[in-house]
Structure formats: C-alpha cells, structure tokens
Amino acid sequence: MDCSKYRQFWISWKNGHLKLGGGIYLDKYILADWIDQRPFTVNAIGLMTKHGSVGDWKIFDVAGTFVGHFSTCNTKDIRAVETILLATVVRSRLQCTDKCSTLAECTGFNYNANTKECELISSSYDFKLSTSNESNFYRKCFPSSCGSCPACLL
C-alpha cells in the first residue's frame, strides 16, 4: 500500500458472519471469511494505519454515501497554525480523530505522538501550515469540498 495508489476494501458483518474483501462490490474478491460462534452486536468500528505510517481512509456507509474522511498524505512534520478549538492530551491519534469527527466546526487536528497532545483546529480549508518535527496535521474532507480540499491536493 502507498499513498499515491487508492485501494478499495469492504467489510461486512451480519449475524456473526464477518467478511473482508477487495474492490467495491460486496461479497466479491473475499480476502477473509469467518463465522463467530458467539456473535455480538457491532455498534462501531475503528480503522488505523500501522504505527509510523500515513494513510487516507475514505469511509462509506451501507448506502455507499461518503461520510467524510481525514487525510494525512504528505503532512508528516507539518502543523496547522489556526484557531485552536481545544487542546488536550489523549491516549491515541484515534481518540483525537474521534474528538474532531464529532464537532462540525472542527476542520482538522494536530497530533503529537510523543506527547499525545491533540489540537482541534477550526478554519476554512485554506490552512496556514508550518513545519514541525513533532506534530502531524490531519485534514477533514467532505464530498462538497474534496475537490478543493488541501488534503486532496497535497
């Protein structure tokens, strides 16, 4: 996998039958298929890249409608210098992502893996950026803005 090549995958779960596949069509190109003998209700899922890697996750719901994503391609050691909505210490980048996802006014975040500092950013999509040897900036993209979103242009 690399940041210059977009790969599509799907995951499904129903009555304890979990499947993972490649491509855009459900139940085609199955990579993993497993039946849980003691299934549980799935209320949420989480995705992340391997530690030290960057990734650009685009999440679609059951109907195939885009619901927003964060981009990290080419933003290593870059920090946004904008209006900070909230600065806090979190356990992981995923927790910082979750905090930003739940706030409509949050347009991205800076995350420092060493200090676990999370800065939620509010801005237009014309971000002011500066170099940083500790923080990485993650941009929030939506279908209406992705054509001009800096995350898609970096």
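Taking other residues whose beta carbon is less than 13 angstrom from the beta carbon of Arg91, and scoring Lys, Arg as +1 and Asp, Glu as -1, yields +1. Each of the peptides 21-33, 82-94 was scored by the mean count of other Cβ atoms within 10 Å over its residues; in descending order, highest first, they stand as 82-94, 21-33.
Using 1/(1 + (r/R0)^6) with R0 = 22 angstrom and r between the beta carbons of Tyr29 and Trp57, what's the FRET efficiency to the nearest 0.05? It comes to 0.70. If R0 is 35 Å, the Cβ-Cβ spacing of Lys14 and Lys50 corresponds to a FRET efficiency of close to 0.80. Net charge in the neighbourhood of Ile35 (other residues with Cβ under 12 Å of its Cβ; Lys, Arg +1, Asp, Glu -1) is +1.
Values quoted throughout were computed directly from the atomic coordinates according to the rules given, and no laboratory measurement underlies them. Owing to the predicted nature of the structure, the values given are computational and were not obtained by experimental measurement. Ideal geometry is used to build each Cβ from the backbone, glycine not excepted, and the neighbour counts take in all protein chains shown.
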